[in-house]
Amino acid sequence: MAAGSALRAAGRRSRRLFDIFVAEIPWTVSSKELKEYFSQFGSVLRCQLPFDRDTGFHRRYCWIKFSTPEEVQNVLQKDNHILEGSKLTLKHQSRRRRSQRRNQSE
């Protein structure tokens with residue numbers, strides 16, 4: 001069990017390295033299609049689309065990593081992102097370190 005919790009913690013840490021969180025992804029969209037869509041804004045280094053082990057379906061959200069901050073801004077400047085008729089919800093991921101968060105809360 002300890003190995004499983006360590007693996008989940010490592011997964012949470014790695015998600016902080018992504019630039020954009022994307023939600024409301026249609027069930028029919030694959031990680032390959034997401035990468036292709038977001039490639040129009042810049043070079044997509046990684047697309048992490050988690051799956052539910054019980055259902056076999058993805059969880060309708062993902063994390064996207066771009067190669068430069070300018071590419072992230074390209075994505076965020078577009079008002080609506082629509083895939084297969086569904087509007088995606090995007091959120092820019094904060095890259096602050098824990099020490100910076102502690103200093104701001106004091």
Does residue 18 meet the test of being under 12 Å from residue 93 (Cβ atoms), in contact (Cβ under 8 Å) with a residue 12 or more places away in the chain and either in contact with a strand residue (DSSP E or B) (Cβ under 9 Å, 6 or more places away or on another chain) or exposed (fewer than 13 other Cβ atoms within 10 Å of the Cβ) (or both)?
-> yes
Subset of segment 58-87, residues aliphatic (A, V, I, L, M) and assigned to a strand (DSSP E or B), comes to 64, 82, 83
Query raised in the report: Is there a residue being among the aromatic types (Phe, Trp, Tyr), touching a Lys or Arg at 6+ places or on another chain (Cβ under 7 Å), modelled with pLDDT of 95 or more and surrounded by 10 or more Cβ atoms within 10 Å (Cβ to Cβ) anywhere in segment 25-47?
Result: no
Within segment 63-95, residues charged (D, E, K, R) and either within 12 Å of residue 20 (Cα to Cα) or touching a residue at least 60 places away in the same chain (Cβ under 8 Å) (or both) come out as 65, 71, 87, 91, 95
Flagged pairs (Cβ under 8 angstrom, 6 or more apart or on separate chains; first in segment 43-62, farther than 16 Å from residue 20 by Cβ; second open to solvent by 40 Å² or more (accessible area, probe 1.4 Å) and among the basic types (Lys, Arg)) are 51/59; 52/59
If we keep only residues of segment 62-84 that are touching a Pro at 6+ places or on another chain (Cβ under 8 Å) and open to solvent by less than 70 Å² (accessible area, probe 1.4 Å), then the residue farthest from residue 28 (Cα to Cα) is 62
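The values are calculated or read from the model by the stated rules, or taken from the named source; none is laboratory data. Note that the structure is a prediction, hence the values are computed from the model and not measured. Neighbour counts run over all protein chains shown; Cβ positions are idealised from the backbone, glycine included. The accessibility values were calculated without ligands, DNA or RNA, using every heavy atom of the protein model including side chains. Shrake-Rupley method; radii C 1.70, N 1.55, O 1.52, S 1.80 Å.
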